[in-house]
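The values are calculated or read from the model by the stated rules, or taken from the named source; none is laboratory data. Everything quoted here is computed from the prediction, not taken from an experiment. Here the Cβ positions follow ideal geometry from the backbone for every residue, glycine too, while neighbour counts run over all protein chains shown. The protein model used for the area step is the full one, side chains on, heavy atoms only, and it has no ligands, DNA or RNA in it. Shrake-Rupley method; radii C 1.70, N 1.55, O 1.52, S 1.80 Å.
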Amino acid sequence: MPLVINEEQQMLKESARDFLKEKAPISQLRQLRDDNDPLGYSPQLWAEMAEMGWAALTILESYGGLGFGFTGLGQILEETGRTLTASPLVSTVLLGATAIEKGGNQMQKEAHLGAIASGERLVALAHEETSFHQVAVSTTALPNDDHYLLSGKKVFVLDGNIADELIVSAFSEGDQKTKLYLVNAKAAGVEITKVKMMDSRNAATLVLNNAKGELLGSYEGSQTLLEYVLDVGRIGLAAEMLGGVKEAFDRIIAYLKERKQFGVMIGSFQALQHRAAHMFCEIELCKSIVIKALQAIDSGNEDLAQLASLAKGKLGQTYKLVSNEGIQMFGGIGMTDDEEIGFFLKRARVAQQSLGDTNFHLDRLAKLKRY
Amino acid sequence: MIDSQTRTDLDQFRSETREWLLANCPDSMRQPVKSYNDIYWGGKNAVFASEDQKLWFERMLSKGWTVPAWDKRYGGGGLNRLEQKVLNEEMTALGCRPPIFSFGISMLGPALLKFASEEQKMRYLPPIVAGKTWWCQGYSEPEAGSDLAGLQTRAEDRGDHYLVSGQKVWTSYADKADWIFCLVRTDPDAPKHSGISFLLIDMASEGVSTRPIKLISGKSPFCETFFDNVKVPKENLIGTEGKGWSIAKFLLTHERQMIGGIGDTNKPKELSTIAQEQVDFEGQLPDSSLRNEIATFEMDEAIFDMTIERAIDEAKAGNASGALSSFFKYYGTELNKRRFEAMLSLHGFAGLSWEGDADLAKMFCRTKGNSIEGGTSEVQLNIISKRILGLP
């Protein structure tokens, strides 16, 4: 498949860019932060996004979705990365809908996918348990009648404080496997606490004490459902990060042409030019892996694990570079809260750690290649 | 879009080509190229390394396929873009060696096609196709490396001829070549980019001499070339006097793409394959920082390859960008240096041997030149920041 987006995807991307520029610029995130907004996102904005079909994008038409695919969703995610828009797109659509669509039975899909597609229901993936991303978990799932009882503690649950449904990874003693379970956020034995994060987006801590859960047990594939969902999430997140990288870079270049010192614009200094040109090169690589990996989800490519790690690894490395250079090249003004470049640094660090940082993915790539 | 008639014709061409290649390419010419001798370089004093090499060259020449893209009136194959692609794919599929390697084909030819008069094309192109002239390139000088336009080799107007004096350096195979294409200064008073002309010089002319350069990697094809009052007929000037710099820039883009590794199918063994041989009982390389270095390299290499693929797809979709050749040159050569650094570390003491021509240590030393030749990495970064990013 050619590594370019098609006309429909291009149109979607452009309309997303126009919409977000107008309705959800960085100033909106700043407002949510300064208001100490308990929801951490704008339900009004989310309703408008859902109206445009963004929540329904990857869900199959038979369940009330648009069946437009992940390459399409990736274009929107990229644009939200430019505006740093706080929305349930990653938690609910990229991770939640994917887990239910791939792992749910007929009843579960009918119960949730339509409501997600229309924007009414929010979902969060509760997986992490320690300070570092890993696949193994110690939360347990015990069979009990037709359902399971889950107990354990989860951290860094993105959008956990606003979710209606939680998708929880847990270990079952019986078959010694880690699987995904649907848990209603209002169920008995579920305790959710919001945690403030450096990027001003939602995260929560979750304590489960014999909470009732339904197994998402219908997935068939070479990976486990958990690994598949994580890989799709890593690729989608990489697409969002690409938007952040591009926007931060555009702002850096604009600043190099605007700011004057010693009577000339600072972009005339070779020390800065070479660093800018090097960033340009790294971003060219980022564009390639993101489109390649997004297409791989849509085509059911067997190399998804490797492509996901390449994408998340490379984007983590490049977002770190560009967000750091952003502060340095903006100089003193880059250190002020008034200037927006700092928001990219903060989002970069959270996005880097989410679903595995570059070191995690380099280690995984080496393991996949058996060295 | 390709219509169905073209499609049918192409399929026909493909099957005929495959049949012809199978019948005409000797088995020994379907082995990977391992050394200098495996390639035919042509030239006045051409030597074929084997009977098969001669046979393969002559058969390809009879079809004009030593340079399939050039017009038939110059002896080329006259193939269109799609046919060239088919021929290339079929040769790659069967593992056929190129029948000849020549700077005349890869570098001078494209410049002549764009800038030379018809008379000059008729004079110089057919011998290139037929492998009769071995060309070398005279660009760099001791005082003009990255600042190539600062070159000082003088070509004085003496009526019907130029009198050329000066020195070139880094001329590959100057000691074997028949002719040299050269950048010379015809107007010492003009601004430095405007006083340069593009001149073709017969290496057999009186006053031309060469001296080989030994590199840190041992032997090398590079030479110094000296011009001591060499008489060069005026008709050997390509394009307009004083406008040689635009030809030079055109050629440098070509060279950059070659060095950057686009279309390079002869890649060395993958690092992970070597790394796998050295894992410990836990299945991992014992040195975790080396393991990280290799994984980072492999990540960048895999994605760089995708970027070449994407650039081709973008070009097909009508979004080509010429300035990107600087990106490919810069990133590709820096990657290659990283590859050999990791490779040397992976081999330990065994990688330090200095016995044979193909020793890793020698190849390692040679890669240090990748980011210098054809425009240094720093020059490429300058080009990116000016032409792509629009910085002053």
statement: Out of A:27, A:87, A:118, a Gaussian network model of chain A with alpha-carbon springs under 10 Å gives the largest mean-square fluctuation to A:27
field: Percent breakdown of C-alpha pair distances by 5 Å bin, ordered from the shortest bin, for segment A:1-85
entry: 3, 14, 22, 23, 18, 11, 6, 3, 1, 0
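How long are the semi-axes of the equivalent ellipsoid of the protein assembly as shown, taking √(5λ) for every eigenvalue λ of the Cα gyration tensor, in whole Å from largest down?
On the way: eigenvalues 648, 176, 121 Å².
Value: 57, 30, 25 Å, ordered largest first.
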- request: Would you tell me the mean number of C-beta atoms belonging to other protein chains that fall within 10 Å of each C-beta in A:355-365, as a whole number?
  value: 3
query: Hey, in the GNM for chain B with a 10 angstrom Cα cutoff, which one of B:80, B:336, B:229 fluctuates hardest?
result: B:80
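Using DSSP to define loop residues, name the trypsin sites (Lys or Arg not before Pro) in segment A:298-371 whose beta-carbon has at most 14 other beta-carbon atoms within 10 Å.
Working: sites: A:312, A:314, A:320, A:346, A:347, A:349, A:364, A:367, A:369, A:370; in loops: A:369, A:370.
Loop-located and lightly packed - A:370.
Quantify, in whole percent, the carbon and sulfur part of the accessible surface of segment A:149-306 (1.4 Å probe; protein heavy atoms only). Please report the intermediate quantities before stating the final value.
On the way: 3060 of 6210 Å².
So the carbon and sulfur contribution to the accessible surface is 49 percent.
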- prompt: Among all the lysines, which ones have a C-alpha under 29 Å from residue A:196's C-alpha, if same-chain residues fewer than 8 places away are not counted?
  reply: A:21, A:23, A:153, A:154, A:179, A:186, A:212, A:246, A:312, A:314, A:320, A:346
statement: Expected max-MSF residue from B:38, B:287, B:202 in the GNM of chain B (alpha carbon, under 10 Å) is B:287
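Counting helices only, and only those DSSP H runs with n ≥ 4, report the 222 nm mean residue ellipticity of chain B as the sum of -39,500 (n - 2.57) divided by its residues, in deg cm²/dmol to the nearest 500. Walk me through the numbers before you get to the answer.
Working: 11 runs with 156 residues, N = 392.
After summing the helix terms and dividing by the residues of chain B, the value is -13000 deg cm²/dmol.
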field: Cα point-scatterer Debye curve for segment B:1-113, base-10 log of I(q)/I(0) at q = 0.11, 0.22 Å⁻¹
entry: -0.38, -1.35
query: Accessible area per residue, 1.4 Å probe, Å², for the protein assembly as shown: what's the number?
result: 45
- prompt: According to the square roots a ≥ b ≥ c of the eigenvalues of the Cα gyration tensor, what is the shape class of segment B:283-392, taking rounded for a/c under 1.5, prolate for a/b larger than b/c otherwise, and oblate for the remainder?
  reply: prolate
message: Going by Cα centres, segment A:142-177 and segment B:295-359 are how many Å apart?
response: 44
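Counting other Cβ atoms within 10 Å, which chymotrypsin sites (Phe, Trp or Tyr not before Pro) in segment A:94-179 have at most 15 and lie in a DSSP loop? If you can, show how the numbers build up before the last one.
Working: sites: A:132, A:148, A:156, A:171; in loops: A:132.
Answer in residue order: A:132.
For segment B:27-179, take N as its residue count and report Rg(C-alpha) divided by 2.2 N^0.38 Å.
Numbers: Rg = 17.7 Å, N = 153, 2.2 N^0.38 = 14.9 Å.
Dividing the Cα radius of gyration by 2.2 N^0.38 Å gives 1.19.
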Restricting segment B:181-262 to trypsin sites (Lys or Arg not before Pro) in coil, as DSSP defines it, with at most 12 other Cβ within 10 Å: B:214, B:219
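How would chain A be classified by its alpha-carbon gyration tensor: rounded, prolate or oblate, with rounded meaning a/c under 1.5 and the a/b versus b/c comparison settling the rest?
prolate
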- prompt: Using helices alone, what [θ] at 222 nm do you get for chain A, with -39,500 (n - 2.57) per DSSP H run of 4 or more residues, divided over all residues and rounded to the nearest 500?
  reply: -16500 deg cm²/dmol
message: From the gyration tensor of the Cα coordinates in segment B:117-262, what semi-axes in whole Å does the equivalent ellipsoid have, largest first, with each one equal to sqrt(5λ)?
response: 22, 19, 17
task: Run the accessible area of segment B:342-392 with a 1.4 Å probe and give the carbon-and-sulfur part as a rounded percent.
output: 62
statement: Here the residues of segment A:281-326 whose accessible area is at least 50 Å² smaller with all protein chains than in the chain alone (probe 1.4 Å) are A:281, A:284, A:285, A:288, A:310
query: What part of the accessible area of segment A:40-96, given as a whole %, is carbon or sulfur when the probe is 1.4 angstrom?
result: 53
- request: Can you grab the distance from the C-alpha centre of segment A:227-245 to the C-alpha centre of segment A:329-371, Å, no decimals?
  value: 13
- line: So the A/B interface buries, both sides summed and with a 1.4 Å probe, an accessible area in Å² (nearest 100) of 3400
